[in-house]
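Asks: Here it is, the structure in full.
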Amino acid sequence: MSEPDFLARTRASYDTIAADFAGWIEDELAAKPLDRAVLSGFAELAGSGLVADVGCGTGRVTAHLHGLGLRVFGIDLSPGMVAQARGRHPDLRFEVGSMTELEAGDGSLGAIVAWYSIMHVPPDRLPAVFAEFHRVLAEGGHLQLAFPAGEGLLHRTDAGGHEVSLDFHQRHPDEVAGLLREAGFEERARLVREPDEEGKYAETTPQAFLLARKRHTV
């Protein structure tokens, strides 16, 4: 079976910008206290099981969660991004892989964080991604999502002077929560904050953070 076009384009784009992206994004969490608060709450709920940072990029969230005491490793579609993550955080584990087909056993993960990675997934593919998250999570395991809130698609062909082809899907939290329920999750919390409009990490859309838990079977 041929690979979906969105995966090939996303991988190629992030491979192209990987070295520069690491410098662009490295200090973002330090500038966003509410984002750090979401991750801190997730870390307390995640427990002692193995945690996957799916779409880990350069490993900044992986490293942050490790600093909060989690047994965490990173997965990213882009070999270039994984190389950056390994170079910057040599004490942590990073793997090349896709959220559409995780190389993890059924129920083998205690928690998952997908921090601004589902935004690249087309709407028709998102239910399958959530089903894959559900498969690899243990019962009661938590899933933390972050994504741009709203509606519509932003397509970028340039990033820092590099030619790319990246789709950014904005989504309403209610829509995402509904898909999670259909996949076997229950919503536990959500936060939608207004965009930070100033500084290096200025945003143009509200940002959504949704925490869900894999339902226990009766």
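Asks: Looking at the range 196-218, which of its residues are modelled with pLDDT under 95 and open to solvent by 40 Å² or more (accessible area, probe 1.4 Å)?
Replies: Correct list: D196, E197, E198, G199, K200, A202, T204, R215, H216, T217, V218.
Asks: Same structure, new question: Might you check whether a residue that is within 18 Å of V176 (Cα to Cα) and surrounded by 17 or more Cβ atoms within 10 Å (Cβ to Cβ) occurs anywhere in the range 75-96?
Replies: no
Asks: In the set G67, G74, which member is touching a Phe, Trp or Tyr at 6+ places or on another chain (Cβ under 6 Å), modelled with pLDDT of 95 or more and on the phi < 0 side of the Ramachandran plot?
Replies: Testing whether each residue is touching a Phe, Trp or Tyr at 6+ places or on another chain (Cβ under 6 Å), modelled with pLDDT of 95 or more and on the phi < 0 side of the Ramachandran plot leaves just G74.
Asks: Suppose we keep only residues that are among the β-branched types (V, I, T) and within 10 Å of the chain's Cα centre (by Cα) within the range 50-70. Which one would you say is nearest to F133 (Cα to Cα)?
Replies: Here the residue is V54.
Asks: Next question. Taking the residues in the range 151-165 that are of a type in the set (A, V, I, L, M) and open to solvent by less than 50 Å² (accessible area, probe 1.4 Å) as candidates, determine which candidate is nearest to P123 (Cα to Cα).
Replies: Top of the filtered list is V164.
Asks: Further, regarding this structure: Would you check which residues across the range 65-95 are over 21 Å from V38 (Cα atoms) and of a type in the set (A, V, I, L, M) and list them?
Replies: L77, M81, V82, A83, A85, L92
Asks: Write out, first by first residue and then by second, each pair whose Cβ atoms fall under 6 Å of each other, whose residues are 6+ apart or on separate chains, and whose first residue, in the range 166-177, is surrounded by 15 or more Cβ atoms within 10 Å (Cβ to Cβ) while the second is among the aromatic types (F, W, Y) and at pLDDT 95 or above.
Replies: Close Cβ pairs satisfying both conditions: R171/F147.
Asks: While we're here: Look at V38 and say whether it is closer than 21 Å to R193 by Cα, modelled with pLDDT of 95 or more and of a type in the set (V, I, T).
Replies: Answer is yes for this residue.
Asks: I would also like to ask the following. Quick check on R36: is it open to solvent by 60 Å² or more (accessible area, probe 1.4 Å), among the basic types (K, R) and farther than 25 Å from D5 by Cβ?
Replies: Criteria met by R36.
Results for (1) closer than 24 Å to R9 by Cα; (2) aliphatic (A, V, I, L, M); (3) in contact (Cβ under 8 Å) with a residue 40 or more places away in the chain; (4) crowded, with 19+ Cβ neighbours inside 10 Å, shown as yes or no for each residue.
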| site | (1), (2), (3), (4) |
| --- | --- |
| L143 | no, yes, yes, yes |
| A146 | yes, yes, yes, yes |
| A149 | yes, yes, yes, yes |
| E182 | no, no, yes, no |
| E187 | no, no, no, no |
| E194 | no, no, no, no |
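Asks: Follow-up. Only residues that are polar (S, T, N, Q) and in contact (Cβ under 8 Å) with a residue 12 or more places away in the chain: list them for the range 1-58, please.
Replies: Once the filter is applied, which keeps residues that are polar (S, T, N, Q) and in contact (Cβ under 8 Å) with a residue 12 or more places away in the chain, the range 1-58 yields T10, S13, T16, S40, S48, T58.
The values are calculated or read from the model by the stated rules, or taken from the named source; none is laboratory data. The shown structure was predicted, so the numbers you read here are calculated from the model rather than taken from an experiment. Cβ coordinates were reconstructed from backbone atoms using ideal geometry, including for glycine residues, and neighbour counts include every protein chain displayed. Ligands, DNA and RNA are excluded from the accessible area calculation, which covers all protein heavy atoms including side chains. Shrake-Rupley method; radii C 1.70, N 1.55, O 1.52, S 1.80 Å.
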